[in-house]
1. Which whole-Hz ³J(HN,Hα) couplings does segment 18-24 yield from phi under the Karplus relation 6.51 cos²θ - 1.76 cosθ + 1.60, θ = phi - 60°, glycine and proline marked x?
2. Collect residues whose amide H, placed 1.01 Å from N in the peptide plane, falls under 5 Å from the amide H of VAL125; neighbours closer than 5 in sequence don't count.
3. Loop-only check: which trypsin sites (Lys or Arg not before Pro) in segment 4-36 are DSSP coil with at most 15 other Cβ within 10 angstrom?
4. How big is the charge dipole of segment 84-139 about its Cα centre, in debye rounded to the nearest 20, if each Lys and Arg gets +1 on its Cβ and each Asp and Glu gets -1 on its Cβ?
5. What is the magnitude of the charge dipole of segment 157-232 about its Cα centre, with +1 placed on the Cβ of each Lys and Arg, -1 on the Cβ of each Asp and Glu, and no other charges, expressed in debye to the nearest 20?
6. Counting other C-beta atoms within 10 Å, and keeping those with at most 14, which DSSP coil trypsin sites (Lys or Arg not before Pro) do you find in segment 203-271?
7. If you take the charge dipole of the chain about its Cα centre, with +1 on Lys and Arg Cβ and -1 on Asp and Glu Cβ, which of PRO23, ALA36, LEU140 is farthest toward its positive end?
8. Given H placed 1.01 Å from N in the peptide plane, which residues other than close sequence neighbours of HIS89 have an amide H under 5 Å from its amide H?
Amino acid sequence: MHLASFSISPIELWTLIGSAQAPQLIDVRRREIYDAATGILPTAVWQDFARVAQWSQTLDRNRPVVLSCKQGKELSQAPTAWLRSEGFHAQVLSGGYAAWTDAGLPLVDRAALERVAPNRQSQWVTRRRPKIDRIACPWLVRRFIDANARILYVDPAFVSPVAHETGAVPFDIEGVEISHEGERCSFDTMLRLFGLETEPSLARLALIVRGADTARPDLAPEAAGLHAISLGLSAMAGDDDHGLLQHGFMVYDALFGYLRFAAQERHNWPAKAA
């Protein structure tokens with residue numbers, strides 16, 4: 001079996017984050033360094049590098065793994081080598097957190113993460129029959145906060161009781177932390193809460209979501225299209241909220257990919273020769 005290259009650059013990793021192709025991210029910084037840090041890589045889980053034989057049993061062997069320490073030195077090199085010896089597609093983040101920060105790439109606010117969703121697998125709960133914000137928020141959670149998060153959809157009257165009984169994080173209802181704030185959507189609130197609102201493509205995506213979710217198509221030219229697609233998917237899904245979530249994730253993956261990699265591309269007819 002051919003293993004991927006031993007290291008991956010921050011830019012290469014960033015192109016995968018926010019998509020279905022994102023690897024499993026393991027933070028192996030020394031615990032005291034992790035505890036003192038303000039940020040963590042999107043979806044990363046902290047593990048003790050010396051206990052790789054134990055926590056490797058929780059990894060998905062069908063997905064690549066990227067390990068990061070402070071500077072990409074022995075704390076990530078040793079467990080990466082061990083995982084590769086066991087047949088995992090494991091890589092070191094070249095230069096570690098230092099290189100990621102130097103490249104100006106986003107980190108999730110660690111204090112907010114540990115306060116709002118301290119457990120992995122985290123649970124989140126909202127109203128059933130989602131349309132826009134209640135698809136966009138789970139997409140942000142799974143792609144940037146907790147890749148294995150469980151999303152619960154319940155009748156509106158039971159969101160708060162279910163949150164109380166299960167410890168799930170309630171969102172997109174009145175009276176909770178992650179909800180609408182004035183003209184801004186729950187998606188905007190979540191971006192702000194986890195320190196992701198300054199990432200340009202996510203900020204642009206927030207405008208699209210806000211325009212679609214609050215009947216403001218003037219906010220972004222893509223908003224009307226997202227509104228139409230979202231309502232069409234919902235009409236076809238009926239009560240299959242998780243089937244809708246799966247299809248909706250493809251829409252948001254595509255939108256985020258468009259904003260990062262293809263927003264300047266123009267599609268004209270007749271096509272010009274390459």
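FYI, it's all coordinate maths here, none of it is from the lab. Just so you know, these numbers come straight off a predicted model, no measurement behind them. In this analysis, Cβ positions are derived from the backbone assuming ideal geometry, glycine residues included, and neighbour counts consider all displayed protein chains.
1. x, 9, 5, 8, 5, x, 6
2. Residues meeting the amide H criterion: LEU152, VAL169, PHE171.
3. Details: sites: ARG29, ARG30, ARG31; in loops: ARG29, ARG30.
Passing both the DSSP loop test and the Cβ count: ARG30.
4. 540
5. Values: 5 positive and 12 negative charges, 34 e Å.
It comes to approximately 160 debye.
6. ARG266
7. So the residue we want is PRO23.
8. Counting only residues 5 or more places away or on other chains, the set is VAL65.
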